[in-house]
Amino acid sequence: MRLAAIAVTFNPFTSPATPKLTQSSTPSTTTINPLKINTHENPQFSWKHGSFLTHSNSDKLAKNWMEYQGINNWDGLLDPLDDTLRSEILRYGQFVEAAYRSFDFDTSSPTFGSCKFSKNSLLTRSCIQETGYKPIKNLRATCGIQLPGWIDRGPSWVSTQSSWVGYVAVCQDKEEIARLGRRDVVVAFRGTATCLEWLENLRATLTSLSDDVPNVGSHGGEAMVESGFLSLYTSGNATCPSLQSMVREEIGRVLEAYGDEPLSLTITGHSLGAALATLAAYDINSNFGNAPPVTVISFGGPRVGNQSFRCQLEKRGTKILRIVNSDDLITKVPGFVIENNDMAVNVAGLTSWVQKRVEEAQLVYADVGQELRLSSKECPHLSKGGVASCHELSTYLELVNGFVGSNCPVRATAKRVLGEHHRKKLAPL
């Protein structure tokens, strides 16, 4: 039996009954930001000008785009890492970077928790230029924890219950559509940024996805996911609809507008955003029978659900590529992963007892999709970084850019993809 990483279960306030993912349902003041991102202009991030995001072999991508979206689970593309796939991973990583850059982190600002830029200028103002994509929808996530009334009189970084969390963008440029071989729709999510999101992250016990959607896995158990992630995805209030309802509404519009042409849905995120991306992909494939290929590209994501949840994702055809840094603790939580065929712990009576206690506590998780495993320790200029730096989006992009394969983890000629000024920490929340 293999045990990996125990969760922290914490409920500082009275929590509501955990919301369900149904077909009809529409930390402290000083925090360590999981990402170090550049809040200043950096032309290095343009797709077409002096960028590490080079479009290698466009014809290859256009002809084989379904392979690069995971139709064959990226078989033969991950080790060694295919250059075209590398370029695509980095490209989607920049959509996540744009989500971070667009978020108002200033806790003294009356607009804290919102998007700093207008929808139409989001990509250009965040220095992600010439993508060929047009943002069409801003997305917000709402904390579902029931807070005491006095919280509303507190500072915004405590009381902000709904925050801008990402966006939907559609490829509109004809040349880019031709290069990709189809029209691509991107849903991009940032990671944890507010106090209440941290509290949701800590609600680590598993909860049922829904009561009315068939969700029993091949192993007979009920599909379950982390309580806090599901709460952020399904909760809404009088002034803000749930993230779930916003995603469903916009995807419905997209399918109506472009459903008669080659189309892909690519959902990407980092950290908490990776978890929300996984839930959104599950939701889309569960509620749209005519959905095009749905692919998740996740960076540094935590575990989301149990083994039955993984089976349901696979059954629905959802393709997930998890980019994981072996030195990133976030990818090892929440909960335990238990493999019965691995009897590494073999003390009389202990193995079965531990497993039973973990199962009773609803803390048995399973990793989903395909994994691209990297390591900061293999990269000379990243190996000296601390625990927090291993989780940064910038670190993940550098590792992807330099990775060759398991026999040659880092390209000797790999360029540093981020400037030193890009690695400065944001001011603490």
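Remarks
- 23 Å Cα-Cα threshold exceeded, pairs from LYS60/LYS332; LYS134/LYS174; LYS60/LYS137; LYS134/LYS332: LYS60/LYS332; LYS60/LYS137; LYS134/LYS332
- Local net charge near LYS119, Cβ-Cβ under 10 Å (Lys/Arg +1, Asp/Glu -1): +2
- Note on the stretch 248-345: with charges restricted to the Cβ of Lys and Arg (+1) and Asp and Glu (-1), its dipole about the Cα centre is near 200 debye.
- Accessible-area rank, largest first, for LYS332, LYS377, LYS384: LYS384, LYS377, LYS332, with all protein chains present and a 1.4 angstrom probe.
- Within-10-Å neighbourhood charge of ILE284 [Cβ basis; K, R +1; D, E -1]: +1
- Taking the protein heavy atoms of the stretch 78-179 in the context of the full set of protein chains, the accessible area attributed to carbon and sulfur is 48 percent at 1.4 Å.
- For the stretch 55-200, the spread of Cα positions along the three principal axes, ordered from largest to smallest, is 58, 31, 19 Å.
- Each of ILE71, ILE267 has its accessible area taken with a 1.4 Å probe; listed largest first, they run ILE71, ILE267.
- Debye log10 I(q)/I(0) for the stretch 274-318, one point scatterer per Cα, at q = 0.21, 0.23, 0.24 Å⁻¹: -0.67, -0.79, -0.86
- Equivalent ellipsoid semi-axes, the stretch 183-311, via Cα gyration tensor eigenvalues times 5, rooted, Å: 23, 19, 14
- Which of ARG91, ARG373, ARG411 is most accessible, then next, and so on - probe 1.4 Å: ARG373, ARG411, ARG91
The values are calculated or read from the model by the stated rules, or taken from the named source; none is laboratory data. Keep in mind it's a predicted model, so treat the numbers as computed, not measured. Note: ideal-geometry Cβ built from the backbone for every residue, glycine included; neighbour counts use all protein chains shown. Note: areas computed on protein heavy atoms with side chains; ligands, DNA, RNA excluded. Shrake-Rupley method; radii C 1.70, N 1.55, O 1.52, S 1.80 Å.
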